[in-house]
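Enquirer: Below you'll find the structure I mean.
Each reported figure results from applying straightforward, stated rules to the coordinates on display, with no laboratory input. As the structure is a prediction and not an experimental result, all values here were calculated from the model. Every residue, glycine among them, receives a Cβ derived from its backbone with ideal geometry; neighbour counts consider all protein chains shown.
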Amino acid sequence: MAENVFITEETIEGAADGPLAGRTVAVKDNISTAGVRTTCGSKMLEEYVPPYDATVVERLKDAGATIVGKANMDEFGMGTTTETSYFGSTDNPAAPGHVPGGSSGGSAAAVAAGDADLALGSDTGGSIRCPAAFCGVVGIKPTYGLVSRYGLVAYGNSLEQIGPFAETVEDAAALLDVIAGDDERDATTHDAGDEANYADAATGDVDGLSIGVPTELLDGADDGVVETFWDAIAELEDRGAEYHEVSLPSVEHAVEAYYVIAMSEASSNLARFDGVRYGHSSDAEGNWNETFAQTRKEGFGDEVKRRILLGTYALSAGYHDKYYKKAQDARAWVKQDFDEALSEADVLASPTMPVPPFELGESLDDPLQMYLADANTVPVNLADLPAISVPAGETDGLPVGLQLVGPAFGEERLIRAASALA
């Protein structure tokens with residue numbers, strides 16, 4: 001077992017039969033499991049036990065899967081390394097001494113280490129694709145609305161999606177088949193219809209596939225990452241695909257826009273954790289305001305506090321239009337650029353992460369470095385599009401991921417393309 005993969009190791013048995021019968025699944029610890037702790041990697045929810053299952057957990061159990069534990073994560077999904085977890089960092093089984101990525105690092109590490117056949121994570125700005133790339137496994141960030149978020153502890157409602165991890169594209173697609181679909185408890189969900197069969201799309205047939213490579217997503221990337229990326233594109237070409245360069249000029253502003261929007265939504269969502277309605281409660285004496293402040297000081301880690309403060313500032317009187325509204329305008333521009341690029345290509349391709357996995361502890365004192373590492377993943381969430389990360393190879397012995405992005409609800413196309421590599 002890889003080090004510190006699970007926060008809670010408690011088995012939840014599924015139905016006796018079903019498409020996932022006999023398969024083991026790790027579930028990220030921000031997804032509700034009835035009767036089993038769901039901590040979000042935070043002291044604030046250290047002892048929280050949900051009274052209900054998330055929709056995706058219900059569907060796992062109905063499909064016969066066995067849940068083997070709740071996977072470690074960056075606190076409340078805020079991080080790129082799984083080092084902000086209150087329960088300690090997770091080592092990368094594919095690159096010991098390095099981070100597994102985040103925020104779903106425990107989920108990716110569980111699959112990479114063989115501790116689970118499959119895993120669920122959530123992706124607000126790359127939190128499935130980053131750890132998939134860093135751990136050398138497959139991770140799918142579905143189109144916003146394809147998978148129910150009922151039972152997912154909210155970080156950034158307009159950005160986040162639950163998605164699968166696996167060793168192969170076909171296995172990840174089979175898990176997506178189980179969890180995708182309409183849910184009356186989540187009004188944002190989309191009915192994919194009976195015709196959707198993602199596992200069957202994993203044919204590896206890329207003959208005639210048009211791949212657009214956004215030049216902006218290669219700028220500033222590590223040389224070894226870029227070289228490995230082009231090797232993967234060459235492999236797709238050998239199988240009959242064609243590539244050409246496209247442009248996404250708006251991505252220059254995507255990271256800034258993403259963090260304003262995500263932190264603003266986090267500031268609002270995490271207001272409920274006050275020690276009265278939810279979460280850790282301080283023993284401090286004093287008036288309500290003092291107790292409230294002490295509760296949140298004790299319950300939240302440094303990165304969560306940082307993001308709450310920045311989000312609250314962006315939403316405050318006099319600054320809403322200057323920051324939040326402008327970020328939403330940039331989001332619309334990003335979506336427009338992606339739509340235009342996808343009118344010129346079947347899928348878009350880039351390195352998933354511009355750098356190989358950080359060494360443990362390397363980025364903790366430099367949050368900006370961590371934020372900038374999301375440059376290739378956050379634009380996809382702003383545009384509400386699906387994406388997949390597949391292993392592309394290694395640089396200096398460290399895993400590198402290839403990211404493919406498709407049109408809204410174009411998961412079958414992505415799975416077909418990605419299965420040529422994994």
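Enquirer: Do you know the relative contact order of the chain, to the nearest whole percent, from alpha carbon pairs under 8 angstrom that are 6+ apart? Before the final figure, lay out the partial values.
Expert: On the way: 1130 pairs, mean separation 81.3, N = 422.
Result for the chain is 19 percent.
Enquirer: Can I ask one more? How big is the Cα convex hull of segment 1-97 in projection, averaged over all directions, in nm²?
Expert: Projected over every direction and averaged, the Cα hull of segment 1-97 covers 6.4 nm².
Enquirer: Can you give the percent of C-alpha pairs in segment 28-173 whose distance is more than 23 Å? Provide the component values of the computation, followed by the final result.
Expert: Numbers: 2557 of 10585 pairs.
Summing the P(r) of segment 28-173 above 23 Å gives 24 percent of all pairs.
Enquirer: Percent of Cα-Cα pairs more than 15 Å apart in segment 256-321, please. Mind showing how you got there, number by number?
Expert: Details: 1161 of 2145 pairs.
Roughly 54 percent, once rounded to a whole number.
Enquirer: What are the semi-axes of the equivalent ellipsoid of segment 273-366, taken as the square roots of 5 times the eigenvalues of the Cα gyration tensor, listed largest first and rounded to whole Å? Write down the numbers at each step before the final one.
Expert: On the way: eigenvalues 292, 95, 29 Å².
Those come to 38, 22, 12 Å.
Enquirer: Expected output is a single nm value to one decimal: the length gained when fully extending between A21 and E362, i.e. 0.36 nm times separation in residues minus the C-alpha distance. What is it?
Expert: Details: separation 341, 0.36 × 341 = 122.76 nm, distance 4.03 nm.
Contour length minus Cα-Cα distance gives 118.7 nm.
Enquirer: What ranking do 20-31, 275-286 get when scored by the average of other Cβ atoms within 10 Å per residue, highest first?
Expert: Working: 20-31: 25.2, 275-286: 14.1.
Those peptides, ordered most packed to least, come out 20-31, 275-286.
Enquirer: Of W288, W333, W230, which has the largest mean-square fluctuation in a 10 Å C-alpha GNM of the chain?
Expert: W288
Enquirer: Rounded to the nearest 500, what is the chain's calculated 222 nm mean residue ellipticity when only DSSP H runs of at least 4 contribute -39500 (n - 2.57) each, over all residues? Before the final figure, lay out the partial values.
Expert: Details: 12 runs with 128 residues, N = 422.
Counting only the DSSP helices, I get -9000 deg cm²/dmol.
Enquirer: Further question: Show me the ranking of peptides 116-128, 320-332 by mean Cβ neighbours inside 10 Å, starting with the highest. Mind dumping the intermediate values first?
Expert: On the way: 116-128: 29.8, 320-332: 16.1.
Ranked from most to least packed, the peptides come out as 116-128, 320-332.
Enquirer: Quick one: if you take sqrt(5λ) for each eigenvalue of the C-alpha gyration tensor of segment 101-206, what semi-axes come out, biggest first, whole angstrom?
Expert: 21, 18, 11
Enquirer: Give me D for segment 50-105 in µm² s⁻¹, whole number, from Stokes-Einstein with Rh from the Kirkwood sum over alpha-carbon pairs, 37 °C and 0.692 mPa s.
Expert: Working: Rh = 12.6 Å.
Rounded to a whole number, D works out at 260 µm²/s.
Enquirer: May I ask for the Rg/Rh ratio of segment 323-422, computed from Cα atoms with Rh as the Kirkwood radius, given to two decimals?
Expert: Numbers: Rg = 15.2 Å, Rh = 15.0 Å.
Here Rg/Rh amounts to 1.02.
Enquirer: In addition: For segment 118-157, what percent of Cα pairs sit more than 16 Å apart? Could you put the intermediate results ahead of the total?
Expert: Values: 263 of 780 pairs.
Here the long-distance tail beyond 16 Å is 34 percent of all Cα pairs in segment 118-157.
Enquirer: For segment 6-82 and segment 365-422, what is the separation of their Cα centres, given in Å?
Expert: Each part's Cα centre sits 24 Å from the other's.
Enquirer: Can you check how the C-alpha radius of gyration of the chain compares to 2.2 N^0.38 Å, as a plain ratio?
Expert: Working: Rg = 20.0 Å, N = 422, 2.2 N^0.38 = 21.9 Å.
Taking N as the residue count of the chain, the ratio is 0.92.
Enquirer: Quick check on packing: order 149-158, 355-364 by the mean number of other C-beta atoms within 10 Å, highest mean leading. Provide the component values of the computation, followed by the final result.
Expert: Numbers: 149-158: 21.4, 355-364: 18.9.
Answer by packing, highest mean first, reads 149-158, 355-364.
Enquirer: Counting only pairs 8 or more residues apart or on different chains, how many lysine pairs in the chain have their Cα atoms under 15 Å apart?
Expert: Details: K28/K70; K28/K141; K43/K297; K43/K305; K61/K70; K297/K305; K326/K335.
Step by step, the pairs that qualify in the chain add up to 7.
Enquirer: Looking at I233, T81, V49, which one has the Cα that reaches farthest to the positive end of the dipole of the chain (charges on Cβ: Lys, Arg +1; Asp, Glu -1)?
Expert: V49
Enquirer: By counting other Cβ atoms within 10 Å of each Cβ, how are M370, M44 ranked from fewest to most? List each step's numbers first, then the result.
Expert: Numbers: M370 22, M44 27.
Exposure proxy ranking, most exposed first: M370, M44.
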